[in-house]
Amino acid sequence: MSAHPGEVAMLAAPLAGLVSMTVLHLLASRLGGVAAHLIRFILAFAVGLAAAVAVSWTATTSLTWSDRIALLALHAASFVALSYGYFTFVNLTATSLRLRLLRDMLRATEKPIPTHQLTARYGSNEVVGIRVERLVAWKQLRRSGGRLRVDGYPLFRVLSLLIGCWRRVLFGDTRPPTLRRRR
Amino acid sequence: VLDPVELLAFSVLWFAVALVAHVIVWRALRPARHIGALLKHFAVLLVAGLALGAAGALPLAPQGVWQWGQAILFYGPAALTYISLFSLVEQDSPSLMMVERVASAGESGCSEEELREVMAEEGNVVLQRLLAARADGLVAGDVEHGWVLTARGAVAARVSAAAQRVYRLENAG
């Protein structure tokens, strides 16, 4: 089946964005500082989105405005979904507790590794201490008079409510399924 | 041949149908290994969409390799995004739990110490993750006897360690 060159370019738009973003992010990770993990990703994402939009827009010059905008929306949404998948993979490597546990087990000299060793390493002190600072900085929590409070419905609270609703739809309960299977 | 607006509508609808089917299947069967089951589910719906389209059974369907390619390029990443977000459904996020706990304390608020106690009691996040990893076949063991990596878990741990080195994430997070 033959394809109009524009069709190939249209299909390539989200992929062009993904490749641009990945290459730039890898370069920035290798050459830049260690600290600005999120900033590096945001910059790479912006460049990738610009590349996807540019390819999509250039490849659709012969179409009407409404068709161009519909395709642009499709390509931008595809790119955003691709970049989210990429970001999740990279970010989970840094922050996922489950992956940290797996890496700890890989390095462990004592096998099987006792539960108390793992729970002590990631106990509530570490979990709470780091996260409270982050949540206050992100304005999800407010600290006043030595106490923490939530004002209204910040993003994380809305997310939590949405996840609870989705769990109820899927499992008929707002608790996570792992807690209901615990032994 | 679909015009671009119809192609956008078809792509969104395809994913929406897969999502509704996911709700129906999960309500009925409750798979033990969510991530593996979700990958299979969305792959089956992908193949079903392609097969129905090829058989001419869909009233509105892309025509030709390039239109299908664009629809798949929306469906695939959207499905993978949902699957990656599913870990938030499968287990509690400590940050979200903490915000929820502080919000439920109302105007009086909550001290860090109270939060630590709550997280130590109900937020046994390490155990939740170990149980989820066991359900996904990444680790074996239990609370009493300790935990070891399975062959799959070892691969995941090695890939993660390699990504950590490539992206220089040793000190991030």
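Numbers for the structure displayed
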read-out: For A:Tyr122: the one exception among (1) of a type in the set (Ser, Thr, Tyr); (2) at the interface with chain B (Cβ under 7 Å from one of its Cβ atoms); (3) within 30 Å of A:Val8 (Cβ to Cβ); value: (3)
read-out: Filter pass, A:Phe87 being under 29 Å from B:Val126 (Cα atoms) and in contact (Cβ under 8 Å) with a residue 12 or more places away in the chain; value: yes
read-out: Residue match in the range A:144-155 (condition: touching a residue at least 12 places away in the same chain (Cβ under 8 Å) and either closer than 30 Å to B:Glu6 by Cβ or part of a helix (DSSP H, G or I) (or both)); value: yes
read-out: Every residue from the range A:139-181 that is basic (Lys, Arg) and either touching a Lys or Arg at 6+ places or on another chain (Cβ under 6 Å) or within 30 Å of B:Val25 (Cα to Cα) (or both); value: A:Arg142, A:Arg149, A:Arg157, A:Arg167, A:Arg168, A:Arg175, A:Arg180, A:Arg181
read-out: Residue in the range A:158-172 that is more than 7 Å from chain B (Cβ to nearest Cβ), more than 20 Å from B:Glu90 (Cβ to Cβ) and not in a helix (DSSP H, G or I) present; value: no
read-out: Filter result (modelled with pLDDT under 75, under 24 Å from A:Leu92 (Cα atoms) and assigned to a helix (DSSP H, G or I)) within the range A:1-42; value: A:His37, A:Leu38
read-out: Considering residues of the range A:64-95 that are among the aromatic types (Phe, Trp, Tyr) and more than 8 Å from the chain's Cα centre (by Cα) only, the residue surrounded by the most Cβ atoms within 10 Å (Cβ to Cβ); value: A:Phe79
read-out: A:Phe45, sole failed condition from (1) more than 26 Å from B:Ser87 (Cα to Cα); (2) in contact with a Ser or Thr (Cβ under 9 Å, 6 or more places away or on another chain); (3) buried (at least 16 other Cβ atoms within 10 Å of the Cβ); (4) more than 10 Å from chain B (Cβ to nearest Cβ); value: (1)
read-out: Qualifying helices (runs of 4 or more DSSP H) (wholly inside the range B:64-173; at least 1 residues being acidic (Asp, Glu) and at the interface with another protein chain (Cβ under 7 Å from one of its Cβ atoms)); value: B:64-90, B:94-104, B:112-121
read-out: Candidates A:Thr58, A:Thr88 - the one that is within 9 Å of chain B (Cβ to nearest Cβ), hydroxyl-bearing (Ser, Thr, Tyr) and either part of a helix (DSSP H, G or I) or over 26 Å from B:Trp14 (Cα atoms) (or both); value: A:Thr88
read-out: Residues (modelled with pLDDT of 90 or more, aliphatic (A, V, I, L, M) and touching a Leu at 6+ places or on another chain (Cβ under 7 Å)) located in the range A:44-72; value: A:Ala44, A:Val47, A:Val53
read-out: Any chance B:Val102 is farther than 17 Å from A:Thr119 by Cβ and either surrounded by 20 or more Cβ atoms within 10 Å (Cβ to Cβ) or touching a Lys or Arg at 6+ places or on another chain (Cβ under 9 Å) (or both); value: yes
read-out: Of all residues in the range A:127-151 being of a type in the set (Val, Ile, Thr) and at the interface with chain B (Cβ under 7 Å from one of its Cβ atoms), the one that is nearest to A:Arg98 (Cα to Cα); value: A:Val127
read-out: Within the range A:100-119, considering residues that are within 7 Å of chain B (Cβ to nearest Cβ) and under 15 Å from B:Asn124 (Cα atoms), the one modelled with the lowest pLDDT; value: A:Thr119
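The values are calculated or read from the model by the stated rules, or taken from the named source; none is laboratory data. Being a predicted model, the structure only gives us computed values, none of them experimental. No Cβ is skipped: glycine too gets one built from the backbone with ideal geometry, and neighbour counts run over all protein chains shown.
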